[in-house]
1. Only one of (1) more than 30 Å from HIS4 (Cα to Cα); (2) in contact with a helix residue (DSSP H, G or I) (Cβ under 9 Å, 6 or more places away or on another chain); (3) of a type in the set (S, T, N, Q) is not met by ASN259, so which one is it?
2. Check segment 258-270 and report whether any residue there is touching a residue at least 60 places away in the same chain (Cβ under 8 Å) and assigned to a helix (DSSP H, G or I).
3. Restricting to segment 266-298, and then to whatever is out of contact with any Leu (no Cβ under 8 Å at 6 or more places or on another chain) and among the polar types (S, T, N, Q), can you tell me which residue is surrounded by the fewest Cβ atoms within 10 Å (Cβ to Cβ)?
4. Going by the structure shown, is ALA305 over 29 Å from THR40 (Cα atoms) and either surrounded by 17 or more Cβ atoms within 10 Å (Cβ to Cβ) or outside the structural domain of ASN41 (by TED's automatic domain parsing) (or both)?
5. State whether the residues of segment 8-19 include one that is out of contact with any helix residue (DSSP H, G or I) (no Cβ under 8 Å at 6 or more places or on another chain) and buried (at least 23 other Cβ atoms within 10 Å of the Cβ).
6. Hey, any hits in segment 76-94 for a residue that's within 29 Å of GLU257 (Cβ to Cβ), surrounded by 13 or more Cβ atoms within 10 Å (Cβ to Cβ), out of contact with any His (no Cβ under 7 Å at 6 or more places or on another chain) and among the aliphatic types (A, V, I, L, M)?
7. Yes or no: VAL192 touching a strand residue (DSSP E or B) at 6+ places or on another chain (Cβ under 6 Å) and either assigned to a helix (DSSP H, G or I) or in contact (Cβ under 8 Å) with a residue 60 or more places away in the chain (or both)?
8. Would you say GLY275 is under 25 Å from TYR334 (Cβ atoms), in a loop (DSSP other than H, G, I, E, B) and modelled with pLDDT of 95 or more?
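The values are calculated or read from the model by the stated rules, or taken from the named source; none is laboratory data. This one's a predicted model, so the numbers in the text were calculated from it and none came from an experiment. Every residue, glycine as well, gets a Cβ built from its backbone with ideal geometry; the counts of neighbours run over all protein chains shown.
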Amino acid sequence: MTQHERIPVRISDQELARRWKALRAAMKAGDVDAVVVQATNDWLGGNVKWLTDIPANNGYPRTVLFYADDLMTVVEMGVFGGRRTLKGEDPVHRGVGTILTTPSFPSIDYTVRYDADLAVADLRAHGVRRLGIANGTGFLAGFSQVLRDGLGNIDVVNLTEELDALKAVKSAEEQGLIRRAAALQDDVFGHVCSVIRPGLRDIDVTSAAQMKAQQLGSEQGIFLGASARVGIRSPFMGRHFQGRTLAAGDHLSLLIEVNGPGGFFCEIARTLVLGKASSELLEGFAAVKAAQDHTLSLLKPGAKARDVAAAHDQYMTDRGLPPEIRLYAHSQGYDMVERPLVRHDEPMTISEGMHLAVHPGYETESIFAVICDNYLIGADGPGPCIHRTEKRVFEL
């Protein structure tokens, strides 16, 4: 068995080559010799996955040095002084010339510099004159400090906007994997509907969802769900707060936000009731579904994300509902949340080929009204919803 056979679904060589070519074109335009990206997790570490098709995991840093005219160097967890010379010939670590390892841990303060020391030495060995950093504010603070201190006379520029723009528009291959992720989530939600019952704890429900998702090919993600009596809001809550036991007549808000085969994220949210929903709950869901439809009508190529956000707030307040004060729509890819955000602080515009989750909601003391689905943007705006789960409150 070859090593790459261990990977259930991997991106094609052609797709990786497309990404590398696009980033190198952006680097050439800025006279950049190398780009540094870093991640410590698979949920919000998409830059590393996008370049190498291998995610970071478990809080361990994974740093990629992407060169304009040479193979990549990867710095990751391993033995002191570890060095693998791959020459771009490894079927798993495609496009990688060298892997350097060191046993550093974000929880151990004095070790975080080890990755940066290796990165600086490699950049200097490559004769880098001008270095691009993408999403540098997301690097480990100690890594960033040691990196900058060690660069000396090497010019540093911010290449975040360029890389974010490349990631935001999905290729045909990427869109196919995104559809598979949505289909997986639909199947997981259907499974939850078949197993949820009085007597289970919230954590039993989300554990059943997680098991089904992993059986279907998901690797990472979250399951947020919290139950309550009808008439008391049931907000999204993580595993630490999922100890409540369901009773007949209760309701539960469930968010399934996991990646699918190949690593792309989508998310779906619905409300389940073990009995009959209240009129207040049904009216709340109808309100957020209408708000979702309103936003979808505005998500056309060329629209400014911040203008869509402002229109949503106006739509909500005109109906006596609260404006968004966090985030109600955003792109997804290898990151659970990636740009563009549909929010007042986002400078990006909507483009054909983008993939967005749209999840307007609001809460009171008595209801948590929410809906969430994913859409791909076509030439004239969003295509059909890529989730097939009905848009309704599920009375079971």
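1. Condition not satisfied by ASN259: (1).
2. Kept after step one, since they are touching a residue at least 60 places away in the same chain (Cβ under 8 Å), are these residues of segment 258-270: 258-270.
Filter once more, so that each one left must be assigned to a helix (DSSP H, G or I): none.
No, segment 258-270 has no match at all.
3. SER279
4. On the way: over 29 Å from THR40 (Cα atoms): no; either surrounded by 17 or more Cβ atoms within 10 Å (Cβ to Cβ) or outside the structural domain of ASN41 (by TED's automatic domain parsing) (or both): yes.
No.
5. Checked segment 8-19: no residue is out of contact with any helix residue (DSSP H, G or I) (no Cβ under 8 Å at 6 or more places or on another chain) and buried (at least 23 other Cβ atoms within 10 Å of the Cβ).
6. In the first step, residues of segment 76-94 are kept if they are within 29 Å of GLU257 (Cβ to Cβ); the result is 76-77, 92-94.
From the residues that got through so far, the ones that are surrounded by 13 or more Cβ atoms within 10 Å (Cβ to Cβ) too are 76-77, 92-94.
Remaining after also requiring out of contact with any His (no Cβ under 7 Å at 6 or more places or on another chain): 76-77, 93-94.
If we keep only those that are among the aliphatic types (A, V, I, L, M) too, we end up with 77.
Yes, that holds for at least one residue.
7. On the way: touching a strand residue (DSSP E or B) at 6+ places or on another chain (Cβ under 6 Å): no; either assigned to a helix (DSSP H, G or I) or in contact (Cβ under 8 Å) with a residue 60 or more places away in the chain (or both): yes.
Answer is no for this residue.
8. no
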